[in-house]
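This report concerns only the one structure given below.
The values are calculated or read from the model by the stated rules, or taken from the named source; none is laboratory data. Owing to the predicted nature of the structure, the values given are computational and were not obtained by experimental measurement. Neighbour counts are summed over all protein chains in view; Cβ atoms, including those assigned to glycine, are modelled from backbone coordinates with ideal geometry.
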Amino acid sequence: MARRRIDYLTSIATLFFHQFSLAAPLFALVALGYTLIRGAHWPKSVADALNRFVFQVALPAMLFRMMSDMSNLPPVDSRVLLAYFGSCLIVFLIGRLVAWRVFRLNGVEQSVFGQGGVFSNIVLLGIPLAKTTLGDASMPSVALVVVFNAMILWTLVTVSVEWARHGEFSLVGLGKMIRGVVTNPIVASIVGGTLYGTAGLHIPAMIDAPLAMISHAAAPMALIALGMSLAEYGIRAAWQQSAAICALKLLVQPLVVWLLARLFGLPPIETAAVVMLASLPVGANVYLMSRQFGALEGPVAASMVISAAISAVSTPLILTLVTQL
């Protein structure tokens, strides 16, 4: 019995170090971007330009090219949405409860706090990490979450904030938000590539070659851009609230999404994909929410930096546990 337990623990440790070795270079690129701004004092204009190129050119090119080749991708399981966004709703409500009972925050602050526990940094970190650790088989599930992520979670926080303020929400404001999501280059490239591939069309070789070159550079550039963005924020403001947001994001949401994935009977690769996405650090959109609604800007900014550092170890560990359970 003791020998069997030792062998099991050894296999877990081996798998963890394998996952960590796959993820470590990606987080090293995040650290590089952070160091270039904080240590080498590169101007913020460089980070802004790189972010713009990554969001508007590099990642859209990679996603369009990948999704256009639908014949080589596994089918998408709609239960992915139920597991992932079901966890978002549950953890958001838990977050609001914690913000209310523990920190005595008002309704608007509760809404932003709850979003910190569910809005992952999927585009800049999740896409490269999924390709590296789980392979192309995970990308349809990741792409499906990306398409609906901003729309669903921005809608959730908008309704929550407006209800806290007025007891109702504005359809005009909601319509503007949805229009912004639909015209987002990332979402447009996924939808456009899927439609292109579904129509049986193939990208001409003269266009596919430069798209492939840009696609190969997209992931590392996205990670460096993420590090540069994180360098703008500090970690000292209201650390108790930041720590609570990180606990919700890095521990509670992965657990809830794993339980829902098991409940809905998701296959292993889809389960690993949604749990990995849930284990990612707090996304930059939460900071935009905090700025827009004038609530918790300091704690949210700090949680982005802290959760990014912790997830360098916690995400590989969670992936290891998921593949063994």
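Within the group Gly227, Gly200, which residue is part of a loop (DSSP other than H, G, I, E, B) and either farther than 23 Å from Ala23 by Cβ or in contact with a helix residue (DSSP H, G or I) (Cβ under 9 Å, 6 or more places away or on another chain) (or both)? Working first, answer last.
Details: Gly227 fails: part of a loop (DSSP other than H, G, I, E, B).
It is Gly200.
If Leu223 satisfies all but one of (1) crowded, with 18+ Cβ neighbours inside 10 Å; (2) at pLDDT below 85; (3) farther than 26 Å from Ala28 by Cα, what's the number of the condition it fails?
(3)
Are any of the residues in the stretch 179-187 on the phi < 0 side of the Ramachandran plot, modelled with pLDDT of 80 or more and out of contact with any His (no Cβ under 8 Å at 6 or more places or on another chain)? Even if it seems obvious, please write down each step before you answer.
We begin by selecting, within the stretch 179-187, every residue on the phi < 0 side of the Ramachandran plot; these are 179-187.
Keeping just the survivors that are modelled with pLDDT of 80 or more gives 185.
Subset that is out of contact with any His (no Cβ under 8 Å at 6 or more places or on another chain): 185.
There is at least one residue in the stretch 179-187 that is on the phi < 0 side of the Ramachandran plot, modelled with pLDDT of 80 or more and out of contact with any His (no Cβ under 8 Å at 6 or more places or on another chain).
So Val256 passes all but one of these: (1) touching a residue at least 60 places away in the same chain (Cβ under 8 Å); (2) under 26 Å from Val54 (Cα atoms); (3) β-branched (Val, Ile, Thr); (4) crowded, with 21+ Cβ neighbours inside 10 Å. Which condition number does it fail?
Val256 satisfies every listed condition except (2).
Which is touching a Cys at 6+ places or on another chain (Cβ under 8 Å) and either modelled with pLDDT under 85 or farther than 22 Å from Ser138 by Cβ (or both), of Ser303, Ser307?
Working: Ser307 fails: either modelled with pLDDT under 85 or farther than 22 Å from Ser138 by Cβ (or both).
Only one candidate passes the filter, namely Ser303.
How about the stretch 276-296: which of its residues are part of a helix (DSSP H, G or I) and in contact (Cβ under 8 Å) with a residue 12 or more places away in the chain?
Initial filter on the stretch 276-296 (part of a helix (DSSP H, G or I)): 276-278, 284-293.
Listed by number, the residues that qualify are Met276, Leu277, Ala278, Ala284, Asn285, Val286, Tyr287, Met289, Ser290, Phe293.
Let me confirm something: among Val118, Val142, Val123, Val146, which residue is on the phi < 0 side of the Ramachandran plot, under 11 Å from the mean Cα position of the chain (by Cα) and outside any helix (DSSP H, G or I)? Outline the logic, then answer.
Numbers: Val142 fails: outside any helix (DSSP H, G or I); Val123 fails: outside any helix (DSSP H, G or I); Val146 fails: outside any helix (DSSP H, G or I).
Exactly one of Val118, Val142, Val123, Val146 is on the phi < 0 side of the Ramachandran plot, under 11 Å from the mean Cα position of the chain (by Cα) and outside any helix (DSSP H, G or I), namely Val118.
Please verify whether Thr271 is among the polar types (S, T, N, Q) and over 17 Å from the mean Cα position of the chain (by Cα), treating the condition exactly as stated. Show your work before the answer.
On the way: among the polar types (S, T, N, Q): yes; over 17 Å from the mean Cα position of the chain (by Cα): no.
Spelling it out, it is not the case that Thr271 is among the polar types (S, T, N, Q) and over 17 Å from the mean Cα position of the chain (by Cα).
Please find, within the stretch 276-317, the residue that is nearest to Asn149 (Cα to Cα) out of those that are polar (S, T, N, Q) and crowded, with 21+ Cβ neighbours inside 10 Å. Before the answer, list the steps.
Here is the first cut: in the stretch 276-317, the ones polar (S, T, N, Q) are 279, 285, 290, 292, 303, 307, 311, 314-315.
Checking the rest, the ones that are also crowded, with 21+ Cβ neighbours inside 10 Å come to 279, 290, 303, 307, 311, 315.
Working: Ser279: 15, Ser290: 18, Ser303: 20, Ser307: 19, Ser311: 20, Thr315: 19 Å.
Ranking the candidates gives Ser279 first.
Looking only at helices (runs of 4 or more DSSP H) that fall completely inside the stretch 20-106, which ones have 2 or more residues that are surrounded by fewer than 16 Cβ atoms within 10 Å (Cβ to Cβ) and modelled with pLDDT of 90 or more? Before you say what the answer is, go through the steps one by one.
Values: elements: 44-53, 59-68, 79-101.
In the stretch 20-106, 44-53, 79-101 are the helices (runs of 4 or more DSSP H) which contain 2 or more residues that are surrounded by fewer than 16 Cβ atoms within 10 Å (Cβ to Cβ) and modelled with pLDDT of 90 or more.
Report whether or not Ser78 is closer than 27 Å to Pro210 by Cα and polar (S, T, N, Q).
Details: closer than 27 Å to Pro210 by Cα: no; polar (S, T, N, Q): yes.
Spelling it out, it is not the case that Ser78 is closer than 27 Å to Pro210 by Cα and polar (S, T, N, Q).
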